[in-house]
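The values are calculated or read from the model by the stated rules, or taken from the named source; none is laboratory data. Quick caveat, the model's predicted, so the values are computed rather than measured. Heads up, the Cβs are rebuilt from the backbone with ideal geometry, glycines too, and the neighbour counts pull from every protein chain shown.
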Amino acid sequence: MTKDKQKEKELPTVEEILRGTSHALTIFKSDASDSLEFFFKRGKPYLKCYASGKDRPAKPEEIVRQLYLRMLMDDYGYPAERIAIEKPVQFGSAVQRVLRTALFCPL
């Protein structure tokens, strides 16, 4: 898809992305989703991760994660350095699973 066609194609809203899912935004401030900025990448909607700055696909789970990250960082004051996204967890010599979001606290 060319850049001109992407501009013609309208970016989806949070409500459109979440339609048909069980994700609800009732625990977040009413205007929280307004802060999410969407853009097209390879013809699909993406957003910028609030903690890492990486481009993430704008899927329902990612929208909820980004709203949680904003809440942790803006409302509770956690710095981005203490938050890990998609962190592999190693047990012995093998990576067993990936933590979707991890919050590290000082000892």
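Between R65, R56, R70, R97, which is at pLDDT 90 or above, outside any helix (DSSP H, G or I) and among the basic types (K, R)? Please lay out each step first, then the result.
Working: R65 fails: outside any helix (DSSP H, G or I); R70 fails: outside any helix (DSSP H, G or I); R97 fails: at pLDDT 90 or above.
That would be R56, the only listed residue that is at pLDDT 90 or above, outside any helix (DSSP H, G or I) and among the basic types (K, R).
Checking the structure you have, find out if any residue of the stretch 47-55 is exposed (fewer than 13 other Cβ atoms within 10 Å of the Cβ), within 19 Å of A102 (Cβ to Cβ) and in contact with a strand residue (DSSP E or B) (Cβ under 8 Å, 6 or more places away or on another chain). Yes: one or more hits. Among the residues of the stretch 74-98, those that are in contact with a strand residue (DSSP E or B) (Cβ under 8 Å, 6 or more places away or on another chain), hydrophobic (A, V, I, L, M, F, W, C) and either touching a residue at least 12 places away in the same chain (Cβ under 8 Å) or under 16 Å from G53 (Cβ atoms) (or both) comprise I83, A84, I85, V98.
Of the residues that make up the stretch 18-28, is at least one under 10 Å from the mean Cα position of the chain (by Cα), assigned to a loop (DSSP other than H, G, I, E, B) and under 15 Å from M71 (Cα atoms)? No - not one qualifying residue is present in the stretch 18-28.
Per the conditions (1) exposed (fewer than 15 other Cβ atoms within 10 Å of the Cβ); (2) free of Cβ contacts under 8 Å to residues at least 24 places away in the same chain; (3) more than 14 Å from A102 (Cβ to Cβ), the sole criterion not satisfied by E62 is (1).
Among the residues that make up the stretch 32-47, is at least one of them over 25 Å from L18 (Cα atoms), assigned to a loop (DSSP other than H, G, I, E, B) and modelled with pLDDT under 90? Steps first, answer last, please.
Step one: list which residues in the stretch 32-47 are over 25 Å from L18 (Cα atoms), which gives none.
No: the stretch 32-47 contains no residue that is over 25 Å from L18 (Cα atoms), assigned to a loop (DSSP other than H, G, I, E, B) and modelled with pLDDT under 90.
Note on the stretch 65-84: among residues that are surrounded by fewer than 18 Cβ atoms within 10 Å (Cβ to Cβ) and among the hydrophobic types (A, V, I, L, M, F, W, C), the one that is nearest to L11 (Cα to Cα) is M71. Looking across the stretch 73-94, the residues that are assigned to a strand (DSSP E or B) and on the phi < 0 side of the Ramachandran plot come down to I83, A84, I85, K87, P88, V89, Q90, F91, A94.
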